[in-house]
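Please read the structure below before turning to the comments.
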Amino acid sequence: MATPSIPAELRKRILFTLGVLAVYRLGVHVPVPGVDANRMVAFFESQSTGIFGLFNTFTGGALERFSVFALGIMPYISASIIFQLLQTAVPYLEQLKKEGEPGRKKINQYTRYATILLALVQGYAMSTVLLRATDPHGLPLVTTLSFAPFISFRVMTLITLMSGTCFIMWLGEQITERGIGNGSSLIIFSGIAAGLPSGAMRLLHMVQSGEMNGAIALGIIGSMVTIIAIIVFLEVGQRRIPIQYSQRAPTREGMSQAQSSHLPMKINFSNVIPPIFASSLLMFPATMSQFIQNPTLKSLADSLHPNHPMYNLIFVGLIVFFCFFYTEIVFNPTEVADNLKKYGGFIPGIRAGKSTADYIKKVLDRLTVSGAVYLSTICIIPTMLIQQFKVPFYFGGTSLLILVGVALDTSQQIQSHLLTARYEGLLKGVKLKSRRVQY
């Protein structure tokens, strides 16, 4: 039996996506001028379990090298969060959302402007802390303070980091339009996946040198495998609401029977969006507080450390909020109920119209609560393991959730392309006859 070949269109999209991700990974190794790369690595190794470790994980190691992509995709994600929140509060943005494709393009344009602004703010903050920071041996991280009479290190850093963020944003949009899946999620996925081999080698070195017990290392690996299995099981889990249609279809015996179907509703409807949004929001104030010498901000920075209970509490609160917020934006029970009524569908035992919408909303709220509990548990348990076993590198449930969630979403995208290609292949060469009455 011959193995079915990959359709040309799908192969082109996969190769394009891999090519764009390769360009992104190459850019991670291009340093910002004026910074000693070895001192930067030593500095971030001492901060590997803090907020810098979390940020460095999402940037795929670009932050510890202080490359042109040091800010990663996070400014764009933060800007997207801001404008999604504003769409429910600002009438102008709400009206743009209702205009369809032209309105969406306008909102995307505003999001890009906000991304540039956030990149400038974060780039200024990073250049400020680098001018003050030293490596563990007391040597300055910045080796060149000026490049020309009017171009200081801070100006060069602002221009470089802003340009790198804009380029990553463009790469993500290209993957979304011409590749497979969500470009922003795939860029974060590639960054996290790139750190897995080095993390495994570091864990092996710790076991060989006696810094960590082999049983503890096996326990960490076992917990990762268990968490991945739980994520896969719950990500594909569904609550199926039975649907029946008033039209009756004839059977082979000549009798008629009611058509039945179901409305699938995922347990985790919002996927990996809440943890990404929550992490992005927590990273921004925590990063800013690192760069301003103030006792109050220093206390805030300590509270927003990933191993601090306050961080976990705020993180869980943001995850719950974004679970409900994202579900409210994406899924409209009233619209689903109206479509069912329009096509003659109904839920057995539930009246059509408002009663159906209320029932779907009730089921959706329960699933959202379950999804929020599941996401919160997955995201904070590995952080507690880090604190308990003193793991000297960042290993978070958010990273595992993003890896598994994006992998499942990408596989679904590939399957949909395969189904589309198969359907087009079946119709190829078939002549559709007109149903017009011939005289």
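The values are calculated or read from the model by the stated rules, or taken from the named source; none is laboratory data. Predicted model, so just to flag it, every value in this text is computed and none were measured. Reconstructed Cβ throughout: ideal geometry from the backbone, glycine too, with neighbour counts over all protein chains shown. Just so you know, the surface numbers come from the protein's heavy atoms only, side chains and all, with ligands and any DNA or RNA stripped out. Shrake-Rupley method; radii C 1.70, N 1.55, O 1.52, S 1.80 Å.
Candidates Ile180, Ile216: the one that is of a type in the set (Val, Ile, Thr) and either closer than 30 Å to Ile267 by Cβ or loosely packed, with under 15 Cβ neighbours inside 10 Å (or both) is Ile180.
Among the residues of the range 1-52, those that are among the charged types (D, E, K, R), surrounded by 13 or more Cβ atoms within 10 Å (Cβ to Cβ) and either over 30 Å from Leu141 (Cα atoms) or at pLDDT 75 or above (or both) comprise Lys12, Arg13, Arg25, Asp36, Arg39. Every condition in (1) open to solvent by 50 Å² or more (accessible area, probe 1.4 Å); (2) at pLDDT 85 or above; (3) closer than 30 Å to Tyr245 by Cα; (4) in contact with a helix residue (DSSP H, G or I) (Cβ under 9 Å, 6 or more places away or on another chain) is met by Pro348 except one, and the failing one is (4). Of all residues in the range 97-110, one or more are more than 26 Å from Val272 (Cα to Cα), at pLDDT 80 or above and surrounded by fewer than 14 Cβ atoms within 10 Å (Cβ to Cβ). Reported count of residues in the range 113-138, each being of a type in the set (D, E, K, R) and surrounded by fewer than 16 Cβ atoms within 10 Å (Cβ to Cβ), is 1.
Of the numbered criteria (1) under 30 Å from Ser127 (Cβ atoms); (2) modelled with pLDDT of 90 or more; (3) hydrophobic (A, V, I, L, M, F, W, C), the one Ala70 fails is (2). Out of all the residues in the range 159-175, is one or more crowded, with 20+ Cβ neighbours inside 10 Å and polar (S, T, N, Q)? Within the range 159-175 (the criterion being crowded, with 20+ Cβ neighbours inside 10 Å and polar (S, T, N, Q)), the answer is yes, since at least one residue qualifies. Tallying residues that are assigned to a loop (DSSP other than H, G, I, E, B) and surrounded by 17 or more Cβ atoms within 10 Å (Cβ to Cβ) within the range 139-150 yields 1.
Is it the case, given these coordinates, that Leu204 is of a type outside the set (D, E, K, R), surrounded by 15 or more Cβ atoms within 10 Å (Cβ to Cβ) and either part of a helix (DSSP H, G or I) or touching a Lys or Arg at 6+ places or on another chain (Cβ under 7 Å) (or both)? Judged against the criteria, Leu204 is not a match.
Listed here are the residues, each with its yes/no results for (1) open to solvent by less than 30 Å² (accessible area, probe 1.4 Å); (2) modelled with pLDDT of 85 or more.
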residue	(1), (2)
Phe277	yes, no
Ser289	yes, no
His308	no, no
Gly317	no, yes
Cys323	yes, yes
